[in-house]
């Protein structure tokens, strides 16, 4: 969401690097694909998102370290060190503790997104559901149900609740609709 907001605010295209396509089983091929990405970054100004970055950015000293991924990380570090483009490179992970410390030195900024407070949860829910009639929502109950979720999870739950309401040919969302969607987002976390 942050990369999309950056791209939107700067009127730049957003490019998401899909790591499952980048990473191959053939030695050297992943680094070659990474070089192509950095060549594109040099040529086309934009916001480049490496999501789930821990897949290639994990600490090089871990016991389960795979040699090829270590070489890919080394290549990434070299490419980013030499980068003189005017684009923005964003690397995102839900597991910063797994990342190699050298990465933190290569990026200009490191932003840690903590879970939202109750006040921010309510603001987010109201914002995400603003296109609907929310007069049927008990906000206190909804905020309690959303506790422990990230902004992204709250956004997705709100979108899912809104879709269900719209599919029922309604524009009014109630507490029950929202609670069901919030619980569905929490289910994988349990």
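Does residue 123 satisfy being at pLDDT 95 or above and either more than 21 Å from the chain's Cα centre (by Cα) or part of a helix (DSSP H, G or I) (or both)?
Judged against the criteria, residue 123 is a match.
If I filter segment 70-110 down to residues being surrounded by 17 or more Cβ atoms within 10 Å (Cβ to Cβ), under 17 Å from the mean Cα position of the chain (by Cα) and without any contact (Cβ under 8 Å) to a residue 60 or more places away in the chain, which single residue comes out as farthest from residue 51 (Cα to Cα)?
Result: 99.
So which helices (runs of 4 or more DSSP H) stay within segment 135-190 end to end and still have 3 or more residues that are in contact with a strand residue (DSSP E or B) (Cβ under 7 Å, 6 or more places away or on another chain)?
Those helices (runs of 4 or more DSSP H) span 151-167.
Kindly indicate whether any position in segment 133-143 is free of Cβ contacts under 8 Å to residues at least 12 places away in the same chain and over 22 Å from the mean Cα position of the chain (by Cα).
yes
I'd like to check something: does segment 98-107 contain any residue that is part of a loop (DSSP other than H, G, I, E, B) and modelled with pLDDT under 90?
Yes: segment 98-107 contains one or more residues that are part of a loop (DSSP other than H, G, I, E, B) and modelled with pLDDT under 90.
Quick one: would you say residue 60 is part of a loop (DSSP other than H, G, I, E, B) and modelled with pLDDT under 85?
yes
The values are calculated or read from the model by the stated rules, or taken from the named source; none is laboratory data. This structure is a prediction, so every number in the text was calculated from the model and none was measured. Counting neighbours? That spans all protein chains shown, and the Cβs are built from the backbone with ideal geometry, glycine included.
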